[in-house]
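Report on the structure given below.
The values are calculated or read from the model by the stated rules, or taken from the named source; none is laboratory data. A quick note: this is a predicted structure, and the numbers were derived from the prediction, not measured. Here Cβ is always computed from backbone atoms with ideal geometry, including for glycine, and neighbour counts include all displayed protein chains. The accessibility values were calculated without ligands, DNA or RNA, using every heavy atom of the protein model including side chains. Shrake-Rupley method; radii C 1.70, N 1.55, O 1.52, S 1.80 Å.
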Amino acid sequence: MRGNPDTSERPGSPLLVDRFGRVATDLRVSLTDRCNLRCTYCMPAEGLDWLPKPDLLSDDELTRLIGIAVTRLGVTDVRFTGGEPLLRPGLDDVVAATAALDPRPRISMTTNGLTLAKRAAGLAAAGLDRVNVSLDTLDPERFHRLTRRDRLADVFAGLAAARDAGLAPVKVNTVLMRGVNEDEAVPLLRHCLAHGYQLRFIEQMPLDPQHGWNRDDMVTAEEILASLRTAFTLTPEPGERGGAPAERWLVDGGPAVVGVIASVTRPFCAACDRTRLTADGQVRNCLFSRSETDLRALLRGGASDEEVAAVWRGNAWAKAEGHGIDSAGFSQPDRPMSAIGG
Ligand code: SAM
Ligand code: SF4
């Protein structure tokens with residue numbers, strides 16, 4: 001973070017508290033900025049520079065930071081993401097080291113699923129609890145156009161392997177785009193219901209490297225729900241939503257549910273409980289932060305665990321009230337989604 005945040009009014013809590021009464025307990029860890037797909041809303045077809053190798057955290061550095069988050073800062077949930085987390089060579093070891101922490105956090109992963117068929121059982125054995133697999137279309141040609149790779153069959157195989165390995169509930173993340181796949185809300189939900197996956201739609205956010213996001217092109221949560229209601233009866237799921245970003249609906253009376261994450265049209269910033277670590281060791285208090293805090297330099301400079309924890313607390317304290325997508329002065333973060341960790 002450029003300049004130290006003013007923490008003079010911060011209470012003495014060991015947790016990741018902020019000025020608006022929120023507490024971050026959910027850590028998103030980006031394991032790599034690389035990916036084996038090129039989804040149009042996330043990465044350019046080519047020409048994106050990878051993070052330089054010496055800048056990436058080693059497995060030891062990574063597990064030390066996760067340990068600090070869990071044992072000193074009150075993090076209870078760790079999600080591995082990227083880029084594509086399955087491309088990280090030491091993934092199983094990092095998962096196992098996370099599962100060995102006391103208290104043990106809940107451990108999940110967001111993945112495109114391409115190589116999950118081979119990996120799901122090993123990851124479950126290492127301690128992974130759940131997965132979210134991204135899937136925007138059931139049509140192989142569309143998949144190819146959308147991700148610039150012809151790999152839909154691999155995603156289906158990965159999803160089935162995750163279910164068979166007990167990584168439950170297996171969730172599917174879908175981004176709908178106008179003129180691309182907006183007609184697939186109902187078929188995707190039918191597919192997920194038939195296979196026992198839990199579907200969540202995510203509104204497209206301004207995080208693409210081309211900076212081409214346009215609000216009018218975004219398929220809104222309202223539109224998604226209207227589309228689903230042509231085929232299903234949706235009733236709000238009873239109970240507290242807490243910090244969960246998805247609004248969930250019972251499908252045809254339940255028990256199956258579908259989620260809609262309206263990050264743009266109904267932001268959930270007031271209940272946000274997230275903190276993010278990038279593959280090069282920067283902490284971000286929001287997907288849309290314009291600044292980061294360099295923990296890698298602290299680690300490599302010989303800082304103690306408590307010194308690192310104190311700097312992380314300062315980053316959390318400086319968290320903005322909201323992402324501000326709708327404010328006049330909004331500008332996208334410099335990093336694309338693939339380098340922040342979705
Ligand atoms: N590669 C993995 C995957 O695709 O699941 C993990 C990283 S990816 C960045 C995480 C999630 O972010 C995916 O579900 C993807 O669909 C979503 N995503 C990427 N760019 C997005 C955008 N501009 N708006 C909304 N969601 C986005
Ligand atoms: Fe890769 Fe995931 Fe981004 Fe698609 S959304 S390009 S799979 S990181």
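Explain nothing, just the number: dipole magnitude of the chain about its Cα centre with +1 on each Lys and Arg Cβ and -1 on each Asp and Glu Cβ, in debye rounded to the nearest 20.
Values: 41 positive and 46 negative charges, 57 e Å.
It comes to approximately 280 debye.
Charge tally for PRO44 (other residues, Cβ to Cβ under 9 Å; Lys, Arg +1; Asp, Glu -1): -1. For ARG106, what charge total do you get from the other residues with a beta carbon under 10 Å from its beta carbon, if Lys and Arg give +1 and Asp and Glu give -1? Result for the neighbourhood of ARG106: 0.
A run of the chain free of exposed loop cleavage sites, with GluC sites (Glu not before Pro) counted only in DSSP states other than H, G, I, E and B and at most 13 other beta carbons within 10 Å, reaches its longest extent at 47-239. Take the Cα of GLU9, step 7 Å toward its Cβ, do the same at ASP102, and the gap between the two points is 4.0 nm. Computed over segment 123-269, the alpha-carbon pair-distance distribution with 10 angstrom bins reads 11, 39, 38, 12, 0, each value a whole percent. The ellipsoid equivalent to the alpha-carbon distribution of the chain has semi-axes of 31, 23, 20 angstrom, derived from the gyration tensor eigenvalues as √(5λ) and listed largest first. For ARG19 and ALA303, a Förster radius of 30 Å and the Cβ-Cβ distance give a FRET efficiency of 0.75, rounded to the nearest 0.05. Residues in segment 179-194 near a label at HIS144, defined as backbone nitrogen under 18 Å from the 7 Å Cα→Cβ point? Answer for segment 179-194: 180-181. Accessible area per residue for the chain is 42 Å², calculated with a 1.4 Å probe on protein heavy atoms, without ligands, DNA or RNA.
Across segment 299-305, rounded Karplus estimates of 3J(HN,Hα) from the backbone phi angles (6.51 cos²θ - 1.76 cosθ + 1.60, θ = phi - 60°) give 4, 6, x, x, 5, 7, 4 Hz, Gly and Pro being marked x. For segment 270-297, the residues whose amide N sits under 17 Å from a probe point set 7 Å from the Cα of ALA320 along the beta carbon direction are 270-276, 283-293. Counting only cysteine Cβ atoms and a cutoff under 4.7 Å, the chain contains unmatched residues CYS35, CYS192, CYS269, CYS272, CYS286.
Our coupling estimate for segment 181-186, obtained by passing each phi through the Karplus curve with A = 6.51, B = -1.76, C = 1.60 and θ = phi - 60°, is 9, 5, 8, 9, 4, 5 Hz, Gly and Pro reported as x. With Cβ to Cβ distances under 12 Å as the rule, what net charge do the other residues near ARG335 carry (K, R +1; D, E -1)? Cβ neighbours under 12 Å give a net charge of -3.
When only alpha carbons are used to place a centre, segment 195-226 and segment 118-166 end up 20 Å from one another.
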